[in-house]
Amino acid sequence: MWPFRRKGPSGFSSTSTAEEVTEGIDGSGLTAIITGASSGIGSETTRVLALRGVHVIMGVRNMAAGEHVKEAIVKEIPTARLDAMELDLSSLSSVEKFASNFNSSGRPLNILINNAGVMATPFMLSKDNIELQFATNHLGHFLLTNLLLDTMKKTAKKSRKEGRIVNVSSIAHRFIYREGIRFDKINDQSGYSSMAAYGQSKLANILHANELARQFKEEGMNITANSLHPGTIATNLFRHNGVVSGLVNMLGRFVLKNVQQGAATTCYVALHPQLKGISGEYFADSNLSEASPHGKDEKLAKKLWDFSKTLTR
């Protein structure tokens with residue numbers, strides 16, 4: 001990453017780490033949910049938020065892996081406040097169960113980080129018979145967010161602290177099907193492209209955040225919603241593509257971000273005071289960036305919202 005170290009207006013760059021972008025920030029008194037918290041940038045985001053005093057609820061598909069990460073973080077940071085809860089984003093019933101258990105716990109919720117994801121999988125359907133990448137990366141997070149919104153709104157009003165929703169997207173949102181979101185062909189196996197389907201789901205993450213931001217502004221709600229590209233990182237997301245995985249293992253340390261750098265933008269958007277009141281934006285390298293034309297399409301965002309509502313009823 002050495003050619004790209006120039007700092008942006010935020011004072012950070014592509015090589016900044018999650019610890020660096022949150023240095024000096026006191027997150028005590030805040031509660032966050034992070035999906036996909038048991039591996040990759042999700043576990044590093046969990047660690048750094050816990051380091052800053054945030055009480056983190058880890059949404060994990062594999063509870064054993066989640067408990068392992070939790071124990072490792074607590075060993076490093078004895079004051080860390082962490083709870084692991086089972087969450088499979090590819091199953092709407094699992095999302096409903098997680099949200100119900102959290103809401104009934106009476107805990108506040110200041111920050112929601114929609115991080116979990118799968119990448120470039122072969123064509124598969126979720127447990128709810130929806131194309132797996134769209135179901136996991138977007139639809140599960142869409143439903144989760146909606147089910148947690150009342151708790152977030154109550155927390156924002158009671159605490160008078162800004163709530164933040166952070167959608168981890170990708171630069172891959174630019175590499176999509178021609179029509180952007182294939183509303184009529186979500187489950188079309190004949191025209192399926194693993195990378196275009198991934199890009200479609202990442203575009204959905206941006207549109208989802210933008211529509212949330214629009215609604216919050218309309219309601220006068222003290223909650224922001226933003227999306228981001230974490231950078232290209234050597235994680236197990238590449239496991240479904242043997243060639244790419246091989247290149248990542250061979251060249252990753254020279255051209256890709258490490259996990260500490262990969263989690264930086266998420267932590268920056270979730271915690272940094274520079275972003276107070278900033279909503280409906282797209283970030284990369286811990287700086288404001290620009291999404292694709294599809295990613296800024298308000299009509300497409302509203303259409304996706306209505307489509308997603310129908311699928312999650």
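Just so it is clear, none of the values below were taken in a lab; they were calculated from the coordinates. As the structure is a computational prediction, the values presented were derived from the model and not from experiment. Methodologically, a virtual Cβ is constructed for each residue, glycine included, from the backbone with ideal geometry; neighbour enumeration extends over all protein chains shown.
Table: residues versus (1) over 21 Å from G106 (Cα atoms); (2) out of contact with any strand residue (DSSP E or B) (no Cβ under 6 Å at 6 or more places or on another chain).
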| site | (1), (2) |
| --- | --- |
| A156 | no, no |
| I165 | no, no |
| S190 | yes, yes |
| M195 | yes, yes |
| A209 | yes, no |
| A213 | yes, no |
| G231 | yes, no |
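Condition check ((1) over 24 Å from L288 (Cβ atoms); (2) buried (at least 19 other Cβ atoms within 10 Å of the Cβ); (3) over 18 Å from the mean Cα position of the chain (by Cα); (4) among the charged types (D, E, K, R)) across all residues:
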residue: G8; (1), (2), (3), (4): no, no, yes, no
residue: S16; (1), (2), (3), (4): no, yes, yes, no
residue: T22; (1), (2), (3), (4): no, yes, no, no
residue: G42; (1), (2), (3), (4): no, yes, no, no
residue: G53; (1), (2), (3), (4): yes, no, yes, no
residue: R61; (1), (2), (3), (4): yes, yes, no, yes
residue: A65; (1), (2), (3), (4): yes, no, yes, no
residue: V69; (1), (2), (3), (4): yes, yes, yes, no
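When the stretch 176-218 is filtered for residues that are in a loop (DSSP other than H, G, I, E, B) and over 29 Å from M152 (Cα atoms), the ones remaining, listed by number, are I176, R178, E179, R182, I186, N187, D188, Q189, S190, G191, Y192, S193. Among the residues of the stretch 265-293, those identified as closer than 30 Å to E179 by Cα and either among the basic types (K, R) or not in a loop (DSSP other than H, G, I, E, B) (or both) are T265, T266, V269, Y282, F283, A284, N287, L288, S289.
So for the stretch 115-124 (the condition being among the β-branched types (V, I, T) and within 24 Å of L30 (Cβ to Cβ)), does at least one residue qualify?
Looking only at the stretch 115-124, we keep the residues that are among the β-branched types (V, I, T), and these are 118, 121.
The next check asks that each one be within 24 Å of L30 (Cβ to Cβ); those that pass are none.
No - not one qualifying residue is present in the stretch 115-124.
Does L89 satisfy the criteria of being touching a residue at least 24 places away in the same chain (Cβ under 8 Å) and either more than 18 Å from V168 (Cβ to Cβ) or in a helix (DSSP H, G or I) (or both)? It is false that L89 is touching a residue at least 24 places away in the same chain (Cβ under 8 Å) and either more than 18 Å from V168 (Cβ to Cβ) or in a helix (DSSP H, G or I) (or both).
I want to confirm something. Restricting to the stretch 23-64 and keeping residues that are among the polar types (S, T, N, Q) and part of a helix (DSSP H, G or I), which single residue is farthest from E86 (Cα to Cα)? Give the derivation first.
Step one: list which residues in the stretch 23-64 are among the polar types (S, T, N, Q), which gives 28, 31, 35, 38-39, 43, 45-46, 62.
From the residues that got through so far, the ones that are part of a helix (DSSP H, G or I) too are 43, 45-46.
Values: S43: 15, T45: 18, T46: 15 Å.
Among them, the one singled out is T45.
For the stretch 167-189, what are the residues that are of a type in the set (A, V, I, L, M), farther than 20 Å from L311 by Cβ and touching a Phe, Trp or Tyr at 6+ places or on another chain (Cβ under 9 Å)? The answer is A172, and nothing else.
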